[in-house]
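Visitor: I have a structure here, written as structure tokens, and I will follow up with some questions on it.
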Amino acid sequence: MLRLILFLLIGLLSIGTISGDVTSDVKNNIFELELVPLSEIIKDPTAYDSTMAYRRISVIGNVSVMDKNLIAIYQDGDELKVDRTNDQLFVGFNTGDGIKLTGQFLYKPMGTSIFYPKYVLHYPTVHMGEVNVSDIISDPGKFNGKYVTVIGNITDIRSTMGEYIISLSSMDNGQNLRVSYLGSTEVQAGDVVIVTGLVNGATLYSEQMGKYSPLSISTFIPGFTYLWTLFILGLLVIYMKHE
């Protein structure tokens, strides 16, 4: 029995089931639309101009300049100016960091063309695993621009223009985090929910949200999913065949 337990634990550790900071290049659903190389914007800025017709795109690069009002990113020798009016979007970012932005590009033939971000992510994508709501509030620079999973109590929920704005209360000290959720949901005030999404600008933009079940195996092993369950069952079958 001891050998079996050790065998399963080694399998879990080898695939990174026990959660921590994980970096991967996974498509970001609502946070990534049309991904445009900076070279294409420089070559034909009018094709991506959102001045007259609304168009949201995504760009990636490395931060080359960070000053009080403006940020610049570069990619393969090309540079793009980025508006920094909403400074909260860039908390925790530094010069040289890989960055992904989703927003609007405004072309100004007689001035400085500029990109106005809606979402800002670290690039490659960073998944922090399961964290406490209170940790995000107390140290926003550690989590901003990264993916997290949190568990909390809904203290308020309201719908506006197809978006739910939720006040999610920490399970340990009652601090509240603002959550944005696009789509439909049946959760309501008083429900305990588990939410996965992007922390950006003091808001958690949720991609997945549902009622939390304390009996879930993820309670004991954060990040444990149905696929990992099948994997462990497969290991068990292999082990039994060789006994």
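Every number here is computed from the coordinates shown, using simple stated rules; none is lab data. This one's a predicted model, so the numbers in the text were calculated from it and none came from an experiment. Here Cβ is always computed from backbone atoms with ideal geometry, including for glycine, and neighbour counts include all displayed protein chains.
Visitor: Taking square-rooted eigenvalues a ≥ b ≥ c of the alpha carbon gyration tensor, is the stretch 23-122 rounded, prolate or oblate, where a/c under 1.5 means rounded and, failing that, a/b exceeding b/c means prolate?
Guide: rounded
Visitor: What percent do you get for the relative contact order of the stretch 129-223 when only Cα pairs under 8 Å and 6+ apart count?
Guide: 28 percent
Visitor: Something else about it: If you plug each phi of the stretch 75-84 into the Karplus form 6.51 cos²θ - 1.76 cosθ + 1.60 with θ = phi - 60°, what whole-Hz ³J(HN,Hα) values come out, in order, with x for Gly and Pro?
Guide: These are the phi-based 3J(HN,Hα) values: 8, 6, x, 9, 10, 10, 7, 10, 5, 10 Hz.
Visitor: With an 8 Å Cα cut-off and a minimum separation of 6 or more residues, compute the relative contact order for the stretch 23-122 in percent.
Guide: On the way: 189 pairs, mean separation 27.1, N = 100.
Here the relative contact order equals 27 percent.
Visitor: Per-residue HN-Hα couplings for the stretch 193-210, Karplus 6.51 cos²θ - 1.76 cosθ + 1.60 at θ = phi - 60°, whole Hz, x for Gly and Pro?
Guide: Taking θ as phi minus 60°, the curve returns 10, 10, 10, 10, x, 9, 8, 7, x, 6, 10, 9, 8, 7, 9, 9, 8, x Hz for the stretch 193-210.
Visitor: Residue by residue, what Karplus-based ³J(HN,Hα) values in Hz, rounded to whole numbers, does the stretch 45-59 have, using 6.51, -1.76 and 1.60 with θ = phi - 60° and x for Gly and Pro?
Guide: x, 5, 5, 10, 5, 10, 5, 9, 10, 4, 8, 9, 10, 10, 9
Visitor: Would you give the gap between the C-alpha center of the stretch 122-180 and the C-alpha center of the stretch 53-101, rounded to a whole Å?
Guide: 23 Å
Visitor: Also, quick follow-up: Could you pull out every residue, at least 5 positions away or on a different chain, whose amide H is within less than 5 Å of the one on E130? Hs are placed 1.01 Å off N in the peptide plane, and Pro or chain starts have none.
Guide: T149
Visitor: Taking amide H positions as placed 1.01 Å from N in the peptide plane, with prolines and chain starts having none, which residues 5 or more places from Y119, or on another chain, fall under 5 Å of its amide H?
Guide: T102
Visitor: Could you list the square roots of 5 times each eigenvalue of the Cα gyration tensor of the stretch 129-223, that is, the equivalent ellipsoid semi-axes, sorted largest first and rounded to whole Å?
Guide: So the equivalent ellipsoid measures 18, 17, 13 Å along its semi-axes.
Visitor: Please order I137, I41 by the number of other Cβ within 10 Å, starting at the fewest.
Guide: If I rank by nearby Cβ atoms, fewest first, I get I137, I41.
Visitor: Skipping prolines and chain starts, which residues have an amide H placed within reach, meaning under 5 Å, of the one on S64, given they are 5 or more residues away or on another chain?
Guide: Here A72, I73, Y74, G96 satisfy the definition.
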